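Okay, structure first, notes after.
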Amino acid sequence: MKKTPTLALAAVPTLRCAIYTRKSTEEGLDQEFNSLDAQRESAEAYIASQQAEGWVCLPERFDDGGCTGANLDRPALQRLLAAIAAGRVDCVLVHKVDRFSRSLLDFARLMEVFEKHQVAFVSVTQQFNTATSMGRLILNVLLSFAQFERELIAERTRDKVAATRRKGKWSGGRPLLGYDVDPCNRKLVVNKAEALRVRAIFELFLKYEALAPVVRELTRRRWVHKRWTSRAGHCRGGQPFTKVSLDRLLRNVVYVGQVRYQDEVHPGEHPALVTAEVFQRVQALLQRNGRKGEAQVSSRSGALLRGLVRCASCGCAMVPAHTARNGGKRYGYYVCCAAQKRGWDTCPTKSVSAAVLEAVVVEQIGSLGRDPDTLRGLLTHGSSSDQAPECAESTERNGRTNRAWLSENEVAAALAAWATVWDTVPPTEQARLIPSLVERIDYDGAAGQVAVAFHVSGIHLLAEEWVRHTQENNP
């Protein structure tokens, strides 16, 4: 009997798809089903329609709520770019192009990154993708109009604010302590109870001649910033005073019956709360002090742990700062925001040497490779939340080798070897690696303890990069 030949179907390559969503404001994000969820749902439906082509939706969410599309300083977008650089994404989907970027220059830079890593870009509602030349042309045209619309709206808003301020009118913004906004004509009217507090604050500064003692006195009296209710019915304001917010209040020309637009000062329609003499004396003291007691924030390139350090004593962020000593040599620190804003006596941690803290963190990363029990516990604990790559065997895609999730021994060996060459890694590469490995650093100044929470997926990716580097240099 003659056998019927069978046809072997070629396996469809898997296309790993990441969904990016963005909303400019935080309004409505607390709802059970918000705009970000709606954007993701439409993208998931599009991916489901392409299952026959091997499209698979990655479980990790890249949601930027309350972030503008005018720049690239967005947490979820940076995580997405890191995942692309690590080779974990083949395609990025958005609801509309303007959800991804409203700047033609920024978008061009993003497309360069996508092309470098051979990642496609798809707009769900506008029916195109950058895998084709026509799709790239349509994309650039749409983005040009999106940027034009954003710039036109910004120009109209600036022109309206400028014209309003030059006439001495209140042009909107956060209500000020000492004034209420008349809902009928949108003018500032004096709040008598708050006006007494404003005058008292100016008198306290003239008495103490420094910001820190005034902040302490306001804290003792339990005086806070103005509270108000937004149009949506939400309560806003009421935060305690800090040196920065007090300085801003004392410099505000609104309290002498004027309004400011950029470098211009114009007479206002509202009544003054303090006399011109008192205001000028306060300005002279502020100018003399020059805020000399406040730490100066260092540049991004000089802060390896920027955005990662928290004060364990009060829960506030610790920000980079520096001081110059011994002939102008700079010494870096991480300073508790509470101590910086409200006075050094408000927090037992205060500050820590940047060099010392960074060395401790790097040492803890390297020690993972020398401590099997700690590494095993970290990998086991993180396995439920950090997603491993979904590839059970080695495959070749886009010129990248996708390996199975590394074993514990491989990760330990890679970390131990990596720690020995850390000092030879360029500073820019160090600054890129640390955020991908470290999720959070809690520093307890009173106890002298440092607790580091790691990104398990970042640990694996670092180990994979090291293994790949070793294989390429030792074929």
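Go through region 249-264 residue by residue and tally those that are closer than 15 Å to Phe279 by Cα and modelled with pLDDT under 75.
0
When the residues of region 14-68 are filtered to those that are in a loop (DSSP other than H, G, I, E, B) and in contact with a Cys (Cβ under 9 Å, 6 or more places away or on another chain), which remaining residue is surrounded by the most Cβ atoms within 10 Å (Cβ to Cβ)? Lay out the reasoning, then the answer.
First pass over region 14-68, keeping only residues in a loop (DSSP other than H, G, I, E, B): 14, 24-34, 50, 54, 58-61, 66-68.
Going one step further and asking which of them are in contact with a Cys (Cβ under 9 Å, 6 or more places away or on another chain), we end up with 14, 24, 50, 58.
Working: Thr14: 16, Ser24: 16, Gln50: 16, Leu58: 19.
By that ranking, first place goes to Leu58.
Restricting attention to region 177-202, which residues are open to solvent by 30 Å² or more (accessible area, probe 1.4 Å) and in contact (Cβ under 8 Å) with a residue 60 or more places away in the chain? Show your work before the answer.
Within region 177-202, the subset open to solvent by 30 Å² or more (accessible area, probe 1.4 Å) is 180-187, 189-194, 196-197, 199.
Answer for region 177-202, where residues must be open to solvent by 30 Å² or more (accessible area, probe 1.4 Å) and in contact (Cβ under 8 Å) with a residue 60 or more places away in the chain: Lys187, Val189, Val190, Arg199.
Each row is one residue, and each column tells you yes or no for (1) at pLDDT 80 or above; (2) not in a loop (DSSP other than H, G, I, E, B).
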position	(1), (2)
Gln280	yes, yes
Ala284	yes, yes
Ser298	no, no
Met318	yes, yes
Ala321	yes, yes
Val335	yes, yes
Gln340	no, yes
Leu357	yes, yes
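Mind checking which pairs have a first residue in region 348-371 that is more than 12 Å from Leu304 (Cβ to Cβ) and among the hydroxyl-bearing types (Ser, Thr, Tyr) and a second that is open to solvent by 50 Å² or more (accessible area, probe 1.4 Å) and not in a loop (DSSP other than H, G, I, E, B), Cβ under 8 Å, 6 or more apart or different chains?
Ser351/Tyr333; Ser353/Tyr331; Ser353/Tyr333; Ser367/Thr374
Can you pull out every residue in region 69-82 that is of a type in the set (S, T, N, Q) and either crowded, with 19+ Cβ neighbours inside 10 Å or under 10 Å from the mean Cα position of the chain (by Cα) (or both)? Give the steps one after another, and end with the answer.
Of the residues in region 69-82, the ones of a type in the set (S, T, N, Q) are 71, 78.
Of everything in region 69-82, just one residue is of a type in the set (S, T, N, Q) and either crowded, with 19+ Cβ neighbours inside 10 Å or under 10 Å from the mean Cα position of the chain (by Cα) (or both), namely Gln78.
Look through region 90-114, keep the residues that are in a loop (DSSP other than H, G, I, E, B) and either touching a Leu at 6+ places or on another chain (Cβ under 7 Å) or free of Cβ contacts under 8 Å to residues at least 24 places away in the same chain (or both), and return whichever of them is nearest to Ile434 (Cα to Cα).
Step one: filter region 90-114 for residues in a loop (DSSP other than H, G, I, E, B), giving 90, 95-96, 101-103.
Okay, now just the ones that are also either touching a Leu at 6+ places or on another chain (Cβ under 7 Å) or free of Cβ contacts under 8 Å to residues at least 24 places away in the same chain (or both), so 90, 101.
Values: Asp90: 24, Ser101: 26 Å.
Only one residue tops the list, namely Asp90.
Within the set of pairs 6+ apart or on separate chains, which have a first residue in region 444-466 that is of a type in the set (Gly, Ala, Ser), a second that is assigned to a strand (DSSP E or B), and C-beta atoms under 7 Å apart?
Gly445/Val352; Ala451/Asp442; Ala453/Glu439; Ala453/Arg440
When you look at Asp98, is it acidic (Asp, Glu), under 19 Å from the mean Cα position of the chain (by Cα) and under 25 Å from Ala154 (Cα atoms), yes or no? Don't jump to the end; show me each part of the working.
Details: acidic (Asp, Glu): yes; under 19 Å from the mean Cα position of the chain (by Cα): no; under 25 Å from Ala154 (Cα atoms): yes.
Here the answer is no, as Asp98 does not meet what is asked.
Quick check on Thr346: is it open to solvent by less than 50 Å² (accessible area, probe 1.4 Å), β-branched (Val, Ile, Thr) and at pLDDT 70 or above? Before you say what the answer is, go through the steps one by one.
Values: open to solvent by less than 50 Å² (accessible area, probe 1.4 Å): no; β-branched (Val, Ile, Thr): yes; at pLDDT 70 or above: yes.
So Thr346 fails the test.
Pick out the one residue from Thr157, Thr164 that is modelled with pLDDT under 70 and in a helix (DSSP H, G or I). Don't jump to the end; show me each part of the working.
Numbers: Thr157 fails: modelled with pLDDT under 70.
On inspection, the qualifying residue turns out to be Thr164.
The values are calculated or read from the model by the stated rules, or taken from the named source; none is laboratory data. Since we're looking at a predicted model, the values are computed, not measured. FYI the Cβ positions are ideal-geometry reconstructions off the backbone, even for glycines, and counts take in every protein chain you see. Note: areas computed on protein heavy atoms with side chains; ligands, DNA, RNA excluded. Shrake-Rupley method; radii C 1.70, N 1.55, O 1.52, S 1.80 Å.
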